[in-house]
Amino acid sequence: MDLERIKQVGTAAATTGGQILRDHFGKLHSVRKKGAIDLVTEADTRAEAAIIATIHEAFPEHAILAEESGFRSGSGGRWIIDPLDGTTNFAHNLPIFCTSIAFAVDDELLAGFVLAPMLGELFVGIRGQGAALNARPIFVSTTATLSESLLVTGFPYDHATIFEVAMGRFSRVLAAAQGLRRLGSAALDLCYVANGRFDGFWEQHLHPWDTAAGWLIASEAGARTTMFSGAPYTIEKDEIVSTNGAVHDELLTLLDQ
């Protein structure tokens, strides 16, 4: 597999999708609901179509797994796409959102691309080659203890079904950490762990397109990622914890109670 070519196409696809999001930001004509609080806009669907077109122009045989249009079978590789991670932020004119694209072969993630178009930040991770922000190498933080850590989390769209459990975790971590944030984009949360802005992240009830690119980017930057129990994480799992490694076990103790 020519990873340099994958990098070129993934970057182009993310840039194309990001430009559509920029063009629609603050100018939405319609917002509809996929669930009680799960939104989708015309920007989601148009960006996804443009991303897929960019990829298929270069690799017409590849499979696609995309949030809005679902799965398209293929061979030789699979692209995992979230055209707009942080749709609720986007719909409220909050510029914390991104386009997230990952590439995998035989279920092994090989490349990840996360572009925050309003912030001008492109995160890229290539298997075995490290991670970068705007072409500069990035690494996880060196924070040694949870009490000195700034952490980030998210709440699933169906949070009412796990409200007591989720809030128990939230309160325990809030009491133990230096600070705790909730930004509304899992892909960016993982990238911010990758470049040391956050020391750790956890969330549950996510989908492969939410975490695939960010997870690879974080991993290539030195992050440790597991489930709440400490078991190995894959993008099909229901929960994720990603940290700088140094605070991982301490965080797991609070989450897995």
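Tell me which of these T211 doesn't satisfy, since it passes every other one: (1) more than 19 Å from V140 (Cα to Cα); (2) without any contact (Cβ under 8 Å) to a residue 40 or more places away in the chain; (3) open to solvent by less than 10 Å² (accessible area, probe 1.4 Å). So T211 meets the others, but not (1).
Does S219 satisfy the condition of being within 15 Å of I101 (Cα to Cα), among the polar types (S, T, N, Q) and at pLDDT 95 or above? So S219 does not fit the description; no. Comparison of F201, F228 shows that the only residue that is more than 17 Å from A102 (Cα to Cα) and either within 14 Å of the chain's Cα centre (by Cα) or hydroxyl-bearing (S, T, Y) (or both) is F201. Among all residues of region 236-248, there is at least one that is modelled with pLDDT of 95 or more, farther than 26 Å from A116 by Cα and either of a type in the set (K, R) or not in a loop (DSSP other than H, G, I, E, B) (or both).
When we screen S219, S229 for residues that are in a helix (DSSP H, G or I), open to solvent by 30 Å² or more (accessible area, probe 1.4 Å) and within 26 Å of G112 (Cβ to Cβ), the only hit is S219. Taking each residue of region 225-238 that is under 15 Å from G214 (Cα atoms) and looking for partners that are open to solvent by less than 20 Å² (accessible area, probe 1.4 Å) and assigned to a loop (DSSP other than H, G, I, E, B) with beta-carbon atoms closer than 8 Å, six or more apart or interchain, yields T225/Y233; T226/Y233. Report yes if N134 is without any contact (Cβ under 8 Å) to a residue 24 or more places away in the chain and over 16 Å from the mean Cα position of the chain (by Cα), otherwise no. Here the answer is yes, as N134 does meet what is asked. In the set G196, G179, only one residue is within 16 Å of the chain's Cα centre (by Cα), over 18 Å from L109 (Cβ atoms), modelled with pLDDT of 95 or more and surrounded by fewer than 19 Cβ atoms within 10 Å (Cβ to Cβ); that residue is G196.
In region 142-153, is there at least one residue being in contact (Cβ under 8 Å) with a residue 60 or more places away in the chain, open to solvent by 80 Å² or more (accessible area, probe 1.4 Å), within 30 Å of G18 (Cβ to Cβ) and touching a Gly at 6+ places or on another chain (Cβ under 6 Å)? Before you say what the answer is, go through the steps one by one.
Of the residues in region 142-153, the ones in contact (Cβ under 8 Å) with a residue 60 or more places away in the chain are 142-146, 149, 151.
Cutting the leftovers down to open to solvent by 80 Å² or more (accessible area, probe 1.4 Å) gives us 142.
Among the residues that remain, those that are also within 30 Å of G18 (Cβ to Cβ) are: none.
The answer is no, given that none of the residues of region 142-153 is in contact (Cβ under 8 Å) with a residue 60 or more places away in the chain, open to solvent by 80 Å² or more (accessible area, probe 1.4 Å), within 30 Å of G18 (Cβ to Cβ) and touching a Gly at 6+ places or on another chain (Cβ under 6 Å).
Taking the listed residues A43, A36, A66, the one that is modelled with pLDDT under 95, more than 20 Å from the chain's Cα centre (by Cα) and under 23 Å from D189 (Cβ atoms) is A36, with no other qualifying.
State yes or no: is G245 touching a residue at least 40 places away in the same chain (Cβ under 8 Å), more than 28 Å from F90 (Cα to Cα) and either open to solvent by 20 Å² or more (accessible area, probe 1.4 Å) or among the aromatic types (F, W, Y) (or both)?
Values: touching a residue at least 40 places away in the same chain (Cβ under 8 Å): yes; more than 28 Å from F90 (Cα to Cα): yes; either open to solvent by 20 Å² or more (accessible area, probe 1.4 Å) or among the aromatic types (F, W, Y) (or both): yes.
For G245, the condition - touching a residue at least 40 places away in the same chain (Cβ under 8 Å), more than 28 Å from F90 (Cα to Cα) and either open to solvent by 20 Å² or more (accessible area, probe 1.4 Å) or among the aromatic types (F, W, Y) (or both) - is met.
Count of region 54-92 residues, restricted to those that are open to solvent by less than 20 Å² (accessible area, probe 1.4 Å), in a helix (DSSP H, G or I) and touching a Lys or Arg at 6+ places or on another chain (Cβ under 8 Å), is 0. Applying the criterion of being buried (at least 18 other Cβ atoms within 10 Å of the Cβ) and among the small types (G, A, S) to the residues of region 117-131, the residue that is farthest from V105 (Cα to Cα) is A131.
The values are calculated or read from the model by the stated rules, or taken from the named source; none is laboratory data. Note that this is a predicted model, so its numbers are computed, not measured. Counting neighbours? That spans all protein chains shown, and the Cβs are built from the backbone with ideal geometry, glycine included. Keep in mind that these areas ignore ligands, DNA and RNA; they rest on the heavy atoms of the full protein, side chains included. Shrake-Rupley method; radii C 1.70, N 1.55, O 1.52, S 1.80 Å.
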